[in-house]
Amino acid sequence: MSHGAREQALAEIAFCQSIWEKGGLTVLSDTFRGVDAITAWEHYPPGDVFDPSSNGQWFYHCHPAEEGAEEHGHFHCFMRPQGPCGPIHHLAAIGVDASGRMTRIFTVNQWVVGDDWASAEATVPLLGSFDMQMPTPSYLVNRWLTAIFVAYGCEIAELVRERDRLLQSFGRDMRGDRTIEVTSEMVFPARA
């Protein structure tokens, strides 16, 4: 990825955030538009968001609230390279705090999302295809997620490789081991 593409994507992330701020919104309030009550573990929006042109897919969910937890929840992002009925591959998750600020980008073990496992060698080439051009639930949310994959594409690729290195370090298949949930992460500094 070129330096220019990264800078443009970072500018797009900032642009999306500035538009939300003008309206008193955040990526979360935009994602939850029309939702009366947020329930832990539920997918938002219901049925996920799927782009039939790029075969990208995402959903947001949160875990039960924990005292002192910075993260509100996260966007799980996937690719379905063969279309909506084909295999689904988890790329990464983007964690956000209650104000919608990114807290981290991370990968998870297979059991967490139950995807069709793909090695880093097969997953990394899919990262550049995550391009959500859908008007719902919000064009801004979709563009923000897409821009994150462009701006942090190199880092996400390394997280996917780190995921595989961790799982392979045990010398046996650990993809179903529920003691291993997050397999790699890049944490963003907290802002005041």
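The values are calculated or read from the model by the stated rules, or taken from the named source; none is laboratory data. Predicted model, so just to flag it, every value in this text is computed and none were measured. No Cβ is skipped: glycine too gets one built from the backbone with ideal geometry, and neighbour counts run over all protein chains shown. Quick note on the areas: whole protein, heavy atoms, side chains included, nothing else; ligands and nucleic acids left out. Shrake-Rupley method; radii C 1.70, N 1.55, O 1.52, S 1.80 Å.
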With the first residue restricted to segment 88-107 and required to be free of Cβ contacts under 8 Å to residues at least 12 places away in the same chain, and the second required to be among the polar types (S, T, N, Q) and open to solvent by less than 10 Å² (accessible area, probe 1.4 Å), Cβ contacts under 9 Å at 6 or more apart or on different chains are none
Kindly indicate whether any position in segment 131-138 is among the aliphatic types (A, V, I, L, M), assigned to a loop (DSSP other than H, G, I, E, B), crowded, with 18+ Cβ neighbours inside 10 Å and over 13 Å from the mean Cα position of the chain (by Cα). yes
Can you say whether P189 is surrounded by fewer than 21 Cβ atoms within 10 Å (Cβ to Cβ), free of Cβ contacts under 8 Å to residues at least 24 places away in the same chain and closer than 20 Å to S18 by Cα, as far as the supplied structure shows? yes
Subset of segment 52-102 that is under 20 Å from Y152 (Cβ atoms) and more than 15 Å from the chain's Cα centre (by Cα) - its residue that is least open to solvent (accessible area, probe 1.4 Å): S54
For residues that are in a loop (DSSP other than H, G, I, E, B) and not β-branched (V, I, T), scanning just segment 34-51, find the one that is least open to solvent (accessible area, probe 1.4 Å). D51
Suppose we filter segment 3-18 for residues that are within 18 Å of P135 (Cα to Cα) and open to solvent by 60 Å² or more (accessible area, probe 1.4 Å); how many remain? 1
Any idea how many residues of segment 1-26 are in a helix (DSSP H, G or I), within 12 Å of G100 (Cβ to Cβ) and within 17 Å of the chain's Cα centre (by Cα)? 3
